[in-house]
Every structure is written in C-alpha cells, then in structure tokens.
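Since every read-out is calculated from the coordinates, none of them should be taken as a lab result. This structure is a prediction, so every number in the text was calculated from the model and none was measured. Positions of Cβ are generated from backbone atoms using ideal geometry, with glycine treated the same way; all protein chains shown enter the neighbour counts.
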Amino acid sequence: MYAATRQPDSTPNAQRPTSNAQGKTNPRFNLEDRLLEFSARIIRLVDALPNTRAANHLAGQILRSGTSPYGNHGEVEAAESRKDFVHKLKLRLKELKETRRWLRLVKKSKMLPEKNMVPILAESEELVRIFFASVRTAAKKSKMTSCFFSFGVGRWALDVGRFPLLLSILNAFAAQVFAGFGPGTHFPTTTS
C-alpha cells in the first residue's frame, strides 16, 4: 500500500541520513577530543618553555596536571556509581584548576609570549567551567536519587527511594487505601 505511493527515487524514513546518524558531531562539544587536543597543546607549550630551572619546574607541573584529565577521562566514563562518578569528575576539575594556575604563572612570568598563552588559558578556563557545571549537575542528581523513601504498614516496609515511578504508584495506592482513616488512626501490627 505505501510502496505504491512512494516516489521511485525517495527512501524510507529509516534510511534517510541525519546529521546524528552519520556520526557528525560538533567537535567543540566532544569532551574526549577536546581533552586530547588540550593535552597535545600542553605538551607543545611545555616543549616551548626555556631551559631554566624555574621553567623546568613549571613544565613538570603543567605536564602532569594538564595531561591528566585526558588520561583519566575513561575513569569518569567507567564510574561504578553516581557517587564515584561525581568524585572522579571532581578530580578532573581539580587537575584542570591546577593547570590553569600554572599557566597563569607562566603568562605572568613572561616565559612565553602572551599571544601564545591567551588561547590555551581560554581553553583551560572553558574546560574548568564545563567540568564545574558537570560536577554541579551530577551532584544535584546524586542528591535527588540518594533520598530513600519507605512505604510501610506494620513491620512490612518497601524501600522505593531509587524508583520514583514505584514511589508515586505506592503513594496513590496508599491515598486510596487510607482515605477513610483520620489522623491518629492506629493500625494493629502482628509480632509473630
């Protein structure tokens, strides 16, 4: 029936290419690629520092803290719980903030031309903001799911805190069952 009305050169919806289905992503929002590029820029910056005692010290600090977020990004993706996820995000944020501080020191000490420092400082600032927002969002969601609600009558209780749909169904059920009882009504429990 539908095949007869379809144009010979057209394709069904399931075969139409979309930007998402073709794997085109905005590289600005692909965090792993962004962290990879940031780490590569850090390496190039460290190699460009002069060979002085102070610059060598800063180079080591920047190299460790600036490449760590990319290297450990997989840990964030493989977190075992929301709490673990938030913790690992916070560690990446800490490393990025440390990198930003060292980069600001390099700029202030004029070890490299300012024109070389502005773009990497801007990128470090953007990454700090991204991770800060991610930590805040994940922590907020973690607080929402860590609340446990119990529904119980007598000695029987059901923990439904992590199941909001079940919680709303049980609340509606309880409202129907106990609608005729006033406040202060006592329900007998058995202890056998």
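Within 10 Å of each residue's Cβ, count the other Cβ atoms and sort Lys110, Lys97 from fewest upward.
Numbers: Lys110 9, Lys97 15.
So the ranking, lowest neighbour count to highest, is Lys110, Lys97.
Which whole-Hz ³J(HN,Hα) couplings does the range 34-49 yield from phi under the Karplus relation 6.51 cos²θ - 1.76 cosθ + 1.60, θ = phi - 60°, glycine and proline marked x?
Values per residue, Gly and Pro as x: 5, 5, 4, 5, 4, 4, 5, 5, 4, 4, 5, 5, 4, 5, 7, 5 Hz.
Could you give the length gained by full extension between Arg53 and Val118, i.e. 0.36 nm per residue of separation minus their alpha carbon distance, to one decimal place?
On the way: separation 65, 0.36 × 65 = 23.40 nm, distance 2.36 nm.
Using 0.36 nm per residue and subtracting the Cα-Cα distance, I get 21.0 nm.
For each of Lys140, Lys83, count neighbouring Cβ atoms within 10 Å of the residue's Cβ, then give the residues from fewest to most.
Sorted ascending by nearby Cβ count, the order is Lys140, Lys83.
Say the cut-off is 20 Å between C-alpha atoms; which of Lys94/Lys115; Lys88/Lys143; Lys97/Lys141; Lys90/Lys115 go over it? Please report the intermediate quantities before stating the final value.
Numbers: Lys94/Lys115 26 Å; Lys88/Lys143 16 Å; Lys97/Lys141 23 Å; Lys90/Lys115 30 Å.
As for pairs spanning more than 20 Å Cα to Cα, those are Lys94/Lys115; Lys97/Lys141; Lys90/Lys115.
Neighbouring Cβ atoms within 10 Å as the yardstick, rank Ile120, Ile43 fewest first.
Numbers: Ile120 22, Ile43 14.
Placing the least packed residue first, the sequence is Ile43, Ile120.
Can you tell me, using C-alpha contacts under 8 Å and at least 6 residues apart, the relative contact order of the range 30-78 as a whole percent? Don't skip to the end; give the middle numbers.
Numbers: 24 pairs, mean separation 23.4, N = 49.
Averaging sequence separation for qualifying contacts and normalising by length gives 48 percent for the range 30-78.
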